Amino acid sequence: MVLEGGGMRCLFTAGILDVMMENGITVDGVVGVSAGALFGCNYVSRQPGRSLRYNLRFRKDPRYMGWRALMKTGNIVAPEFSYHTLPCELDIFDFDTFSKSDIDFHLVATDAMRGTPIYKVIRYMDYLGMEWMRASASMPIVSQAVEIDGLKLLDGGITDSIPLKYFQEQGYERNLIILTQPKGYYKKKTKLMPLFHLLERDHPEIIKCMARRHLMYNDELAFIAQEEAKGNTMILCPERPLKIGRTEQKEKKMRQVYEAGRTCALQNLDKMRDFLAR
């Protein structure tokens, strides 16, 4: 299963994953990008409802996410609270179930100095595992690079937004892909390049990546459509654009996006079962 990122658009993904858990639909491998990884890990730890629950509970907490977190920590998602205090003390992540799972969990981050994707298999979700999760979801401009094993890492979506090719290379021949943009979506070049030149000047390769990210993303969309036509890929995506910001904190919008995911999954339950059983 391949999980695209998209910040709070991934509550759509969370809705799908919760329905899959509730109906016993399993896969043998997951690769997540950015928020796709953050929410996808709850599928491996078998915790339906957790992704929506903690985002609703802490949506107004300045220790969690938003401009106050950015001003205080240099990250729009506060590192220590969000990736360590919250899952260890406040809405406890099931580390044991995750580590014992038969589902292999992969994520994508970006090497900020080289501008290349880094793929990581997380077998045990511990402090370091959570730091890899943070790296995968560290959006440029509003996040500091995460330093792990001598690498400086940022959001995986910068270099591999929909890592189907990677997963096929790992031996996963049939894949369910959850996108957070509707069919027909076509990414345009970002209008924020002046900000990237200003705020990411220590990472010139990231600037280059962002200048061509729309090309990479659209090429990946073409590839997954090609694989879908072959019959080895099933795509689930919203029917229409999800009207929610990447760090949206309005409860009504969050619930609407989550429910859209649940509806999509319920409408496609039989198709998912049939596809994954082949």
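Quick check: net charge around V30, other residues with Cβ under 14 Å of its Cβ, Lys/Arg +1 and Asp/Glu -1? List each step's numbers first, then the result.
Details: positive: R46, K120, R123, R174; negative: E4, D28, D102, D104.
Cβ neighbours under 14 Å give a net charge of 0.
Sorting the segments 41-54, 84-97 by their residues' average number of neighbouring beta-carbon atoms within 10 angstrom, most packed first, yields 41-54, 84-97. Relative contact order of the chain: what whole-number percent is it, with Cα pairs under 8 angstrom and at least 6 residues apart? This gives 26 percent for the chain. Averaged over its residues, region 234-278 has an accessible area of 64 Å² per residue, based on protein heavy atoms and a 1.4 Å probe. Highest mobility in the GNM of the chain, judged by mean-square fluctuation with C-alpha springs under 10 Å and restricted to N232, N23, N75, is found for N23. Length gained on full extension, R174 to E22: 52.5 nm, using 0.36 nm per residue less the C-alpha separation. With an a/c value under 1.5 for the gyration tensor axes a ≥ b ≥ c computed over the alpha-carbon atoms, the chain is described as rounded. The Cβ shell under 12 Å around F223 holds other residues with a net charge of -3, Lys and Arg each +1, Asp and Glu each -1. Protein heavy-atom surface of region 14-115, 1.4 angstrom probe: 51% of the accessible area is carbon and sulfur, with nucleic acids and ligands not counted. Other residues with beta-carbon under 12 Å from the beta-carbon of A14 carry, at +1 per Lys or Arg and -1 per Asp or Glu, a net charge of +3. Between Y124 and H84, the FRET efficiency from the beta-carbon distance, with R0 = 25 Å, is close to 0.95.
Applied to region 133-141, the Karplus parametrisation 6.51 cos²θ - 1.76 cosθ + 1.60 on θ = phi - 60° returns per-residue 3J(HN,Hα) values of 4, 4, 4, 4, 10, 7, 5, x, 6 Hz, with x for Gly and Pro.
With a Förster radius of 30 Å, plug the Cβ-Cβ distance of K252 and N218 into 1/(1 + (r/R0)^6) and report the FRET value to the nearest 0.05.
Working: r = 32 Å, r/R0 = 1.06.
According to the calculation, E is roughly 0.40.
What shape does region 1-139 have by the C-alpha gyration tensor, where a ≥ b ≥ c are the square roots of the eigenvalues, rounded means a/c under 1.5, and otherwise prolate means a/b greater than b/c and oblate the rest? Verdict is oblate for region 1-139. Give the shape of region 68-113 as rounded, prolate or oblate, defined through the alpha-carbon gyration tensor: a ≥ b ≥ c are the square roots of its eigenvalues, a/c under 1.5 means rounded, and otherwise the shape is prolate if a/b is larger than b/c and oblate if not. It comes out oblate by the Cα gyration axes.
Place the peptides 12-20, 100-108 in order of packing, highest mean first, counting for every residue the other Cβ atoms within 10 Å and averaging per peptide.
Working: 12-20: 27.0, 100-108: 19.1.
Taking the mean over residues of other Cβ atoms within 10 Å, the ranking is 12-20, 100-108.
Pairs K60/K120; K189/K252; K183/K230; K152/K208; K191/K243; K230/K271: which are spaced more than 21 Å apart, C-alpha to C-alpha? Beyond 21 Å between Cα atoms: K60/K120; K189/K252.
The values are calculated or read from the model by the stated rules, or taken from the named source; none is laboratory data. Being a predicted model, the structure only gives us computed values, none of them experimental. A quick note on method: Cβ atoms are made from the backbone with ideal geometry, for glycine too, and the neighbour counts reach across all protein chains shown. Protein only, heavy atoms only, side chains kept; ligands, DNA and RNA dropped before computing areas. Shrake-Rupley method; radii C 1.70, N 1.55, O 1.52, S 1.80 Å.
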